[in-house]
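The values are calculated or read from the model by the stated rules, or taken from the named source; none is laboratory data. What you see is a predicted model; the values in this text were computed from it and never measured. Glycine also receives a Cβ, built like all others from the backbone with ideal geometry; neighbour counts cover every protein chain displayed. Calculation scope for accessible area: heavy atoms of the full protein, side chains included, ligands and nucleic acids excluded. Shrake-Rupley method; radii C 1.70, N 1.55, O 1.52, S 1.80 Å.
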Amino acid sequence: MENELSALSVIFTEFYYWVTVVLMFLIHVGFCMYEVGVSRHKNHLHTLMKNTMLIPLVTVTWFFFGWWIYWAMINGPWLGTSIMDGNSGLQLGGGYGANELANPMSPIMGVNLGDHINGVFWAAFLLFSWTAASIVSGAVIERIRMSAFAILAIAIGSVFWSIDASWGWHFDGWMVKVLGYHDAYASGVIHACAGGFALGVLTVLGPRLGKFASDGTPRNIGPRNPWLVTVGIFLIYTGFWGFYAACNIPILDVGPEYGLEGVYFTATNIYATPTTLSGITFNFLMSLSGGLLAGYLVSKGDPFWTYSSGLAGIITASAGNDLYHPLQAMIIGAIGVYVAYKMHYWVERKFKIDDAVGAVAVHGYAGVVGLIICGFMLWGYPSSGYEGYAAINPVGMIIGAVIMFGLLGFLPGYVIAKILNGMGRLRIPKEVEIAGLDFNYMEAAKADEDAVAADQK
Amino acid sequence: MATVTSWVETLNAGETVIYPFVGTEWLWLIIAIAFWIVWHVRSSASETEENDELASKGKGSDDYKSNIANW
């Protein structure tokens, strides 16, 4: 750091991302509470452990290779050309290459007095990875093997979301350049992708026992603890604030970046195009509200769906929330919720998909709708401040939605689940599902309680 | 051997990497990856064992209710 001003800027940015990481931790706390609230008593502890253990598993693999993938795959490879050095294969150098920033053996991946950003930026992305895995976790509760989920969590959290972020959520990503893809707060790169992945897994995993009657009619296995669900969702909302901030670069002089005369300091999104933290705060709250209002209406006041719809509203508007007017964000959030809700029940009835928490709807369908709407709403906006990028357009965004939900979401989820299922490693035995995953824990706890009580007589 | 033995010397020399055993990162990575893989193998085996044992009990869907503890 050369002087007090540059030191202040660097330390501010370092602290900014650190705060977002701490805030985003609340997303995971919320997911844990939410999943336990939705699961039945006899499965609480396993449900909790499943969502807890994805934290270390995704973290270490994000360190081993996930972060490296993000920086390495920006060109597809061979689908785009880097503006850094003209490379079109794996991006290993050029200033922001994988081996420069993300090699797990590199000195920059540790305590390094010459760098104050890599660790907190790595962590911010990591928290997105946890979220991606956690989205899948909720959908598959009460019947998936922990060891199978561990592999699936790593696949979505440290591989496939990392690839899609590299392609479409990077200033030099090929989808941004070639398709004009724009997804400022990750309608697609996290939510549609993880929702699609969850659907792929669910297709193979099958429904919980008793979810469907013999004639195929779905039964509601509703939340068992509405209070945990409520607090959980509120914590997810709270963490989502941190997520929005984490998606921004807090202060950047775009003047030299864009070849302007003089300096131009601004906050930017991940593509280094200008926005403001203040503006996205409008949009976050208005899309949340649009989602809640629509959810209440369409579900006829069902609390479970109303809370989830607040989330779905934000997710739908997220792709363009760096630029939308707040009223647009509100309406777009409401539209996404309506479509997601209807799609959830249609898919459930038609394909016998048991999505225990509505994750595919809230994240997957709402994310896809958000991408498509963004393509129309922001049609003609530049996708980047750099030269040679395609403008945002509906066709590019629809293709982007297919890539996010289908190619990098549903397809790998389905294939990996198929492989695990073929090995007999995907689903717990029927007898265990009937007894409950926590039966042995509960039996031991009861025995302890009885023994202690006997000694106290 | 400590990477930093004097902060004055380290900072004056412009050294920025201050964690111990610089240059052995590859070794730590191998150990960490081995631990990660072993974790998967061991936890999967343990889960199979636990599931098989529970499945053999043949418990019904409401039997867990008699095990709900008050504490």
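Does A:A391 fit the bill of being of a type in the set (A, V, I, L, M) and under 30 Å from A:L179 (Cβ atoms)?
For A:A391, the condition - of a type in the set (A, V, I, L, M) and under 30 Å from A:L179 (Cβ atoms) - is met.
Contact list please: Cβ distance under 7 Å, first residue in the stretch A:87-101 and open to solvent by less than 20 Å² (accessible area, probe 1.4 Å), second residue of a type in the set (G, A, S), pairs at least six apart or on different chains.
Cβ pairs passing all conditions: A:Q91/A:A72; A:Q91/A:S82; A:Q91/A:G97; A:Q91/A:A98; A:A98/A:A72.
So if I check each of A:A356, A:A401, A:A444, which one is among the small types (G, A, S) and in contact with a Leu (Cβ under 7 Å, 6 or more places away or on another chain)?
Within the list A:A356, A:A401, A:A444, the selection yields A:A401.
Can you find a residue that is free of Cβ contacts under 8 Å to residues at least 12 places away in the same chain, within 14 Å of chain B (Cβ to nearest Cβ) and closer than 26 Å to B:S61 by Cβ anywhere in the stretch A:417-425?
yes
What residue, among those in the stretch A:261-306 that are of a type in the set (F, W, Y) and open to solvent by 80 Å² or more (accessible area, probe 1.4 Å), is farthest from A:W122 (Cα to Cα)?
It comes out as A:Y296.
I'd like the full set of residues that are touching a residue at least 40 places away in the same chain (Cβ under 8 Å) and exposed (fewer than 14 other Cβ atoms within 10 Å of the Cβ), limited to the stretch A:218-233.
A:G222, A:W227, listed by residue number.
For the stretch B:48-66, which positions are loosely packed, with under 14 Cβ neighbours inside 10 Å, within 8 Å of another protein chain (Cβ to nearest Cβ) and among the acidic types (D, E)?
B:D52, B:E53
Which of (1) within 14 Å of chain B (Cβ to nearest Cβ); (2) of a type in the set (A, V, I, L, M, F, W, C); (3) within 30 Å of A:R224 (Cα to Cα) does A:I117 not meet, given it meets every other one?
Of the numbered conditions (1) within 14 Å of chain B (Cβ to nearest Cβ); (2) of a type in the set (A, V, I, L, M, F, W, C); (3) within 30 Å of A:R224 (Cα to Cα), the odd one out for A:I117 is (3).
Quick test for you: out of A:V395, A:V369, A:V347, pick the one residue that is of a type in the set (A, V, I, L, M) and either touching a helix residue (DSSP H, G or I) at 6+ places or on another chain (Cβ under 6 Å) or free of Cβ contacts under 8 Å to residues at least 12 places away in the same chain (or both).
A:V369
Go through the stretch A:41-95 and count every residue that is under 18 Å from the mean Cα position of the chain (by Cα) and assigned to a loop (DSSP other than H, G, I, E, B).
0
Being at pLDDT below 95 and part of a helix (DSSP H, G or I) is true for just one of A:W167, A:W241. Which residue is that?
Residue meeting the stated conditions: A:W241.
Regarding A:L408, is this residue more than 7 Å from chain B (Cβ to nearest Cβ), in contact with a strand residue (DSSP E or B) (Cβ under 8 Å, 6 or more places away or on another chain), in contact (Cβ under 8 Å) with a residue 12 or more places away in the chain and not β-branched (V, I, T)?
So A:L408 does not fit the description; no.
With A:A435, A:A445 as the choices, which residue is open to solvent by 10 Å² or more (accessible area, probe 1.4 Å), of a type in the set (A, V, I, L, M, F, W, C) and within 14 Å of another protein chain (Cβ to nearest Cβ)?
Only one candidate passes the filter, namely A:A445.
Filter the stretch B:19-71 for residues that are under 14 Å from the mean Cα position of the chain (by Cα) and either under 17 Å from A:N440 (Cβ atoms) or aromatic (F, W, Y) (or both) and give the result.
B:W28, B:F35, B:W36, B:W39, B:S43
Of the residues A:G200, A:G222, A:G210, which is over 22 Å from A:Y381 (Cα atoms) and in contact with a Pro (Cβ under 9 Å, 6 or more places away or on another chain)?
A:G200
Any residue in the stretch A:5-33 that is free of Cβ contacts under 8 Å to residues at least 60 places away in the same chain sitting within a Cβ distance under 6 Å of a residue that is open to solvent by 50 Å² or more (accessible area, probe 1.4 Å) and not polar (S, T, N, Q)? List the pairs, counting only those 6 or more apart or interchain.
A:A7/A:M1
Select, from B:A45, B:A13, B:A34, the only residue that is over 23 Å from A:P56 (Cα atoms), among the aliphatic types (A, V, I, L, M) and either touching a residue at least 60 places away in the same chain (Cβ under 8 Å) or more than 7 Å from chain A (Cβ to nearest Cβ) (or both).
B:A13
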